[in-house]
Structure formats: C-alpha cells, structure tokens
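Report on the structure given below.
The values are calculated or read from the model by the stated rules, or taken from the named source; none is laboratory data. Owing to the predicted nature of the structure, the values given are computational and were not obtained by experimental measurement. In this analysis, Cβ positions are derived from the backbone assuming ideal geometry, glycine residues included, and neighbour counts consider all displayed protein chains. Note: areas computed on protein heavy atoms with side chains; ligands, DNA, RNA excluded. Shrake-Rupley method; radii C 1.70, N 1.55, O 1.52, S 1.80 Å.
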Amino acid sequence: MPTNILKNSILAVWAVFFAWLVSFGQNHLARLLHPRLWWLLVCGAVVLVLFLVVNLRRAPPSQRRISLWWRWPSFLILLVPILYFVSMQKARFNGQTFASRTLQTETGFREQGDIKMPASDNPPPDVSSSEVSLLRLFTDPGQYTDKEVEVTCQTLQDQRLPEDLMICYRFKISCCAADAQPIFVLVKKAAGSTVIANDTWIRVKGRFSLSTTKDTRGPLILAETITTEKEPSVPFIF
Amino acid sequence: MPHNSLIRFPVFQPVPPPILPCLSQHLTWVAGILFLVLTTLLLFLGQAPVWHNLISNISINFLAMMVEALPFMLIGSLTGGLIEVFVPVAWVDRTFRQHRLRAVFIAGAMGLFFPVCECAIVPVIRRLLGKGVPFAAALTFLLAGPIVNSLVAASTAIAYSYDWRIVALRLGSGYCIAVTIGLLLGRWFNRENGLEQELRGNLPSGCGHEECGQDHSPAPWPDRLRHALEHASDDFFSVGFYLVIGAFIAAFVRSFVPMDTFSYLLATPWQAILIMMAMAVLLNLCSEADAFIAASFRGLLPGSAQMAFMVLGPMLDLKLLLMYFSVFSKRVILALVITVVGVVLVTMLGLQYFSPILF
C-alpha cells in the first residue's frame with residue numbers, strides 16, 4: 001500500500017509537471033526545449049495518466065515483491081529533476097557558459113567555423129521585420145555585408161579584446177538546452193559609449209562587415225545605437 | 001450433499017512476505033542513497049556564489065535532458081508492455097524455431113515492427129525465451145531491438161536535424177553488429193549452458209501476469225491492455241531512476257568540462273571513440289534519448305565517436321549489465337561484454353578511417 005501511494009504520487013507529480021510546462025509554464029519550457037517538441041510532453045503526460053489510472057485500480061500483488069525499504073531511493077530519485085526545477089527557474093546561460101562552449105585563444109575567441117550551421121527557414125518568433133537573426137548573420141554573412149542590420153543579443157566584454165570591441169552572443173539549440181552552442185558577432189562601440197555589464201540583453205543597430213581582429217574571427221557590427229532590452233520570451237535561436 | 005451444490009467460501013489470501021534483496025539490490029540501494037545525498041548537497045551548494053554558475057548550468061542541462069528523454073522512455077515502456085501481452089506464441093514458434101539461422105537475421109530487424117526500449121528489452125527477452133525463441137536469435141534481438149526500431153530512428157532524426165545518413169548508419173551498424181555477435185555467441189552458448197541457473201528449463205512469464213500468453217483461454221482485450229499498462233508502469237519504475245542518474249552525470253560533464261578539452265580529442269579519433277564508449281556504459285541512457293546527448297557533442301567530437309556512443313549504449317551499459325544477470329549465466333555475460341565492446345570499437349574505427357566522408 002505505501003509503495004502504491006508513493007508510485008502514484010510520483011506519476012501524478014510528473015504528469016502535472018508536464019501538463020503545466022505545456023500550458024502555463026511555456027516561458028520555462030522555452031528555456032529547456034525546442035518549441036517544435038511540445039508534443040513530447042503531451043505524449044509523456046498522457047502515458048503517465050494511463051499508468052496512474054491503472055495503478056489506482058490495481059489489485060494487491062499476488063507474488064512476492066521487494067519491500068519498500070529497499071526500493072524507496074530508486075523512487076525518490078525520480079523526483080530529483082523536479083527538485084532541480086526550483087533552481088532552474090532563475091538559472092540562465094551566461095558569459096561563463098559562452099566561454100566554456102567556445103574555442104578560446106590567448107588573444108580572444110575563435111568562431112566555430114568547423115560546425116555546420118544550416119540556415120534556419122523559420123526565423124525566431126521575436127524577430128521584427130527590421131531585425132536580422134544572429135544565426136542568419138553567422139550562416140549567410142555575404143548577404144548582409146555593408147548593410148545596416150539590427151540584432152538582439154547578450155553582451156560579453158572580455159579583457160583579451162580591445163576596449164571598443166565587445167561580443168554579442170546568443171545560443172543556438174537543435175533539440176534542448178543541453179546541446180546549446182554559442183553564436184556571436186563582434187560589436188565595435190562608438191567612442192565614449194557607456195560600459196555595459198556582461199550578459200545584458202541589448203539591441204544593436206549598425207553596419208555589418210566581415211572584419212576580423214587579431215585572433216578573434218567573426219562577423220563585425222559597427223554600432224550606431226545600442227539599447228538595452230528585456231530578455232526575449234524565447235532566448236535561444238534555431 | 002451433492003458436489004455441484006457445494007458453496008465456495010472466500011479464502012483469505014494474505015499478502016506474501018517480501019523477497020529479501022540480493023547483493024546487486026543492496027548495492028543499488030547504497031548507490032541510490034549516495035546519489036540523493038550528492039544531488040541535494042549540490043543544490044544547496046548552488047546558493048554560494050562560487051558554485052552558483054556551475055549548479056545553474058547543471059540545472060538547465062539536467063532539466064532539458066529529462067524533459068526531452070523521459071517521454072521517450074515512457075513511450076518505450078508502453079510499447080514493451082504491449083509486446084509482452086499481445087505478441088502471440090504461435091507466431092514466435094513459426095517464425096523462429098523452424099529456421100534457426102534465418103531466425104537470427106529476422107531477430108535483428110524485429111525491432112522495426114516491435115519497437116522496444118532497452119529498459120523493457122530484458123523482460124521481453126525472458127518472455128521470448130519462454131516462448132521457445134532460439135538462444136542466438138534472442139541474443140540478437142536483445143542487442144538490436146533497442147537500436148533497430150522506428151522510435152529510435154525518429155528520435156535520432158530529430159536529434160540530428162533530420163540527417164538521414166546518421167539514422168541509416170546507426171540502424172545499419174546496430175543491425176550488423178547485433179547479427180555478428182548473435183551468430184558468434186550462438187555457436188558456443190545455448191539454452192542449456194547460457195541461461196542463469198534458476199531459469200534453465202523453467203522460464204516464467206516475463207511479466208508475472210497470469211493472463212499473459214501461456215494459458216489457453218486468453219483474457220478479454222481490455223484486461224490484457226490493463227496488464228500491458230501495469231507491466232509498462234513496473235518497467236518505468238524499475239529503470240526510470242537509471243535515466244535520472246545518467247542524465248545528471250551527462251549534465252554535469254556538459255557543464256563542468258569546457259569545450260577546449262574536447263577539442264584536444266578531436267585530433268585523436270580513436271581516443272574520442274574509446275571515451276564516448278566509456279561514457280555510453282556509464283550514463284545508462286535510454287536508446288531513444290541518447291541520440292540527443294550524442295548530438296550535443298556535435299562539433300566537439302568526431303562523428304564516429306558519437307556513433308559509438310549511440311550504438312554501444314543500448315547494447316551495454318551498467319543498468320543492462322545488472323539486468324543481464326537475471327537471465328544469462330556469468331560466462332555468457334563476460335563473453336557478451338568482450339564481444340560487444342570489441343566489435344563496436346573495430347566497426348567505429350573502420351568507419352572513421354575508411355569512410356570519414358559519411359560524417
């Protein structure tokens with residue numbers, strides 16, 4: 001009986017969690033999973049409900065089973081991800097994540113030129129008509145050379161870069177946040193511009209070029225205006 | 001009093017006493033406690049500024065993997081339960097027992113029609129052995145079933161952005177490796193010397209339900225569906241915690257080890273293959289979910305190393321190794337470990353050095 005109660009509780013918790021993520025928790029889901037995979041959670045919730053219904057009507061076991069004392073750790077482990085969700089709500093990928101997932105050199109960062117980055121046919125939902133996706137700048141830079149572009153990204157000022165240069169980055173995902181890879185452009189700030197704290201969301205407007213600086217290779221935006229922005233509802237690009 | 005007028009009194013049937021755990025279950029209990037303590041400790045450590053960034057990254061990666069992998073594991077458990085209850089014995093007999101060599105090749109592709117998660121494969125194999133499937137064919141299905149199936153094809157396609165070469169490579173190499181090992185081990189082992197002592201000559205129903213397969217008057221399909229769901233639910237609880245532990249280890253590695261470490265391994269494919277094979281054994285991931293973990297290493301490690309991870313994991317990991325002890329003899333398990341590791345390594349090295357264009 002206690003085993004069944006514990007099992008049913010675990011099934012109910014996960015079913016409610018999945019249902020909540022798909023319905024009211026989409027902001028959190030957007031920071032975990034590619035939006036096109038929402039159906040996975042629906043399927044998972046349906047299967048969990050089926051298991052719950054069957055277990056609620058289940059007869060007591062006719063065969064000998066291992067007692068709950070020896071099984072409770074394996075049951076409680078199933079709830080550990082729910083516990084980590086509390087921590088995850090305020091967690092964000094930041095400049096340190098960028099640094100750990102990028103090839104680094106003594107004088108800066110190296111773009112991930114060896115990685116195939118197919119251009120996405122579907123622009124991110126928060127791109128307005130005057131704004132360009134950072135991914136498109138990265139995968140198809142020739143189309144935007146010497147043109148005025150506007151991108152939304154996060155800032156990173158690294159001491160290895162000149163003072164007037166900063167990195168403007170976002171993370172690209174294929175399926176979930178675990179496979180997130182940084183995409184970045186360099187931003188050349190106007191003389192006398194204010195210092196922006198790392199990991200601040202900004203909107204940069206300026207002229208795009210393919211210049212490189214020393215050992216840090218990447219597309220470059222000569223910034224005309226830089227304004228701070230709210231974090232997008234979907235922080236990843238794909 | 002005439003016999004047919006006897007009144008049947010309901011007899012009280014007390015709940016049977018619990019089974020005493022064996023050594024592996026003791027070890028699982030200790031490991032579970034350690035994992036709970038460690039994860040809780042890390043969560044509290046995340047409040048400190050020094051640990052905050054690492055724990056935040058682990059939280060995001062861990063939740064992301066679980067939210068993506070758990071539904072696949074649930075679908076796999078459900079499928080395994082349906083196979084356990086609805087696959088008829090007569091069909092198994094007709095297809096496998098009469099042509100043993102052909103049975104091995106058929107068993108390697110059976111997963112396409114009967115997709116089974118690796119979490120459910122062992123009780124399904126017990127059930128198939130009980131229905132009379134030859135030992136070599138059962139072994140082949142054990143290794144190929146979790147890879148050569150439509151659910152794994154779908155999850156691999158999604159994980160690799162519908163690059164069908166990767167899907168074909170994974171399924172193709174999984175099939176070839178499983179058939180090779182099935183034919184190889186089938187020459188030395190059979191039902192008499194290959195099964196665990198208690199199972200020889202007395203293979204029980206894999207799910208323990210009275211209405212599953214052995215009786216001559218099958219229950220109505222709603223009852224059978226209910227039994228299938230009960231079996232699937234039991235499988236979920238038997239192995240779900242391995243997925244949690246595996247996802248946590250993967251999230252920790254992803255958060256802690258910088259990319260520069262892996263870039264060194266890019267120069268030595270054979271080291272990358274060996275390391276990914278070791279990770280596949282340690283992470284205990286479901287065959288539907290490991291494609292997403294492997295795909296997260298794109299650009300970091302060679303394709304052959306990612307493929308080694310995706311092919312070896314469903315065939316051999318810590319969780320499966322423990323479950324194998326409930327079916328096979330120790331000699332079979334030792335032979336299985338050596339041949340699986342060896343054949344996967346040789347195959348992936350061959351793919352890396354003779355067909356690099358495939359990646």
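One table, with the values for the structure above:
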| item | result |
| --- | --- |
| Cα Rg, Dmax, segment B:131-202, angstrom units | 15.4, 48 |
| DSSP-assigned coil residues among chymotrypsin sites (Phe, Trp or Tyr not before Pro) in segment B:125-188, each with at most 12 further Cβ atoms within 10 Å | B:162, B:188 |
| Hz values of 3J(HN,Hα) by residue in segment B:71-81 - Karplus curve (6.51, -1.76, 1.60), Gly and Pro given as x | x, 5, 5, 5, 5, x, 4, 4, 4, x, x |
| 10 Å Cβ neighbours from other chains, averaged over peptide A:13-19 | 2 |
| Solvent-accessible area buried by pairing B with A, both sides, nearest 100 square angstrom, 1.4 angstrom probe | 6200 |
| Average partner coverage of A:46-55, which counts Cβ from other chains inside 10 Å | 6 |
| For segment B:41-68 versus segment B:99-171, the gap between their alpha-carbon centres in whole angstrom | 35 |
| Student exercise, segment A:141-188 dipole from Lys, Arg, Asp, Glu Cβ charges, in Debye to nearest 20 | 160 |
| Under the Karplus curve 6.51 cos²θ - 1.76 cosθ + 1.60, θ = phi - 60°, whole-Hz ³J(HN,Hα) for segment A:91-102, x wherever Gly or Pro sits | 7, 9, 5, 9, x, 5, 5, 4, 5, 6, 10, 10 |
| Per-residue average of Cβ from other chains inside 10 Å of A:33-44 | 4 |
| Karplus 3J(HN,Hα) series, Hz, for segment A:225-235 with 6.51 cos²θ - 1.76 cosθ + 1.60 (x for Gly, Pro) | 9, 10, 10, 6, 10, 6, 4, x, 5, 10, x |
| By accessible area with a 1.4 Å probe, ligands and nucleic acids excluded, highest first: order of A:207, A:57 | A:57, A:207 |
